[in-house]
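What follows is a set of notes on a single structure, which appears directly below.
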């Protein structure tokens, strides 16, 4: 069976997966020292789909508003950093749509899993008083983007993916290394760097399988992503009643918390997950 090299993947990403023009324009605008709302609005104005999504998010139940009618009002309400995170989320969804066209259940599963991780990560970050919980949501949306790229380009390798992999992202990692010789973490980093995504996003997604390798400065954020990745699978089995698994307990210990943290997000998880699925539909 043909196995691509990581250099081929890198060249493929650089050739095919250009960052959306709107993201480049928005990044350039936000990086200006004298950036203002008008400049950010101008960066978005030629892409109605992004502007519409921005207004939809601003009016979502999560932000508690129903009166935002223009992109300008949404930018003022949400702030520049959050606007950029939303643009990244929408851009990744466009990539997902390309993968969904392959009509394989594994892709749909990975996308729903990514939303679940995003919701968990945002709830955990909020509960732990982390600044800008929405960054964690974006990290969740991005964390398995490498799998989508693998699938779009090398579907034949993933056609025989056993159903058992749907219940363990660690098993997916082993499957990749056995069948490809590299994994979605490496591809996700290549993709994120090619899109010039913020370092804080790249760092969060790079260690979601091995947070201890992240280093002391990133232990908390990587631990949140790891716990979210693990919880999202088990939260699919409603109601969540079983005892935490050993990996979940390890992640909780890493972020200096206990099982009360999991219990604290349960009342909100299912409604936020459903709302997020609707938001991206």
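From the alpha carbon gyration tensor of segment 1-118, can you work out the equivalent ellipsoid semi-axes (sqrt of 5 times each eigenvalue) and give them in Å, largest to smallest?
Over the Cα atoms of segment 1-118, the ellipsoid semi-axes are 30, 20, 11 Å.
Under 8 Å for C-alpha pairs, at least 6 residues apart: give me the relative contact order for the chain, rounded to a whole percent.
19 percent.
For a quick check: sort 122, 196, 98 by the number of other beta carbons within 10 angstrom, fewest at the front.
Listing 122, 196, 98 from fewest to most nearby Cβ atoms yields 196, 98, 122.
Looking at the P(r) of segment 7-279, how many percent of alpha-carbon pairs lie beyond 33 Å?
Distances greater than 33 Å cover 19 percent of the Cα pairs.
Can you put 207, 143, 194 in order of Cβ neighbours within 10 angstrom, beginning with the fewest?
Taking fewest neighbouring Cβ atoms as first place, the list is 194, 207, 143.
Please give the contour-minus-distance gain from residue 281 to residue 213: 0.36 nm per residue of separation, less the Cα-Cα distance, rounded to one decimal in nm.
Taking residue 281 through residue 213 to full extension adds about 20.9 nm, to one decimal.
When a footprinting reagent is the concern and you count Cβ atoms within 10 Å, what order do 221, 60 take, fewest first?
Ordered from fewest to most neighbouring Cβ atoms within 10 Å, 221, 60 come out as 60, 221.
Would you kindly compute the Cα radius of gyration of segment 69-130 and its largest Cα-Cα separation (Dmax), both in Å?
Expressed in Å, the Cα Rg and Dmax of segment 69-130 come to 14.8, 40.
Every read-out reported here was derived from the displayed coordinates using simple, explicitly stated rules and does not represent laboratory data. Because the structure is a prediction, the values reported are computed rather than measured. Here the Cβ is made from the backbone with ideal geometry for all residues, glycine too, and neighbour counts use every protein chain on show.
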